[in-house]
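**Student:** Got a structure for you, questions after.
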Amino acid sequence: MLSDVGSKAIGAFGLIDESAPKGSSWYGFAKPAIFVISKSGKITHRFSTRDYTDRPDPAPVLEALGK
């Protein structure tokens, strides 16, 4: 979970759900996403979906975590 006032972090990762128009109270919410980060701090995998009602499948996420 991330508190991201102004949606700066989710914007940097390309996760802003743009289905709500700018200026609305819903604009700036993030699309669901899971990032796998290596011990050195590098993003090795990204799992995301197009819609907030959809979630990444857990099987490939668990597989990436096992590597």
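**Student:** If each residue of separation counts as 0.36 nm, what is the full-extension length gain between H45 and V5 once their alpha-carbon separation is subtracted? List each step's numbers first, then the result.
**Tutor:** On the way: separation 40, 0.36 × 40 = 14.40 nm, distance 2.50 nm.
Contour length minus Cα-Cα distance gives 11.9 nm.
**Student:** In the P(r) worked out for the chain, what percent of Cα pairs fall beyond 13 Å?
**Tutor:** On the way: 1494 of 2211 pairs.
Summing the P(r) tail past 13 Å for the chain gives 68 percent.
**Student:** So what J values fall out for segment 53-66 if you push phi through Karplus, 6.51 cos²θ - 1.76 cosθ + 1.60 with θ = phi - 60°, rounded to Hz, Gly and Pro as x?
**Tutor:** After applying 6.51 cos²θ - 1.76 cosθ + 1.60, I find 7, 9, 10, x, 5, x, 4, x, 5, 4, 4, 5, 5, x Hz.
**Student:** Could you derive backbone 3J(HN,Hα) for segment 29-46 from the dihedral phi with the Karplus parameters 6.51, -1.76 and 1.60 (θ = phi - 60°), listing whole Hz in sequence and x where the residue is Gly or Pro?
**Tutor:** 6, 8, 6, x, 8, 10, 10, 9, 10, 6, 4, 7, x, 8, 6, 9, 8, 10
**Student:** Continuing with this model, one more query. Mean residue ellipticity at 222 nm from the helices of the chain, using -39,500 (n - 2.57) per DSSP H segment of n ≥ 4 over the full residue count, to the nearest 500 deg cm²/dmol? Intermediate results must be reported in sequence, preceding the final value.
**Tutor:** Details: 2 runs with 14 residues, N = 67.
One gets -5000 deg cm²/dmol as the mean residue ellipticity at 222 nm.
All of the numbers you see were taken from the coordinates with simple rules; none came from a lab. Source: prediction; values computed, not measured.
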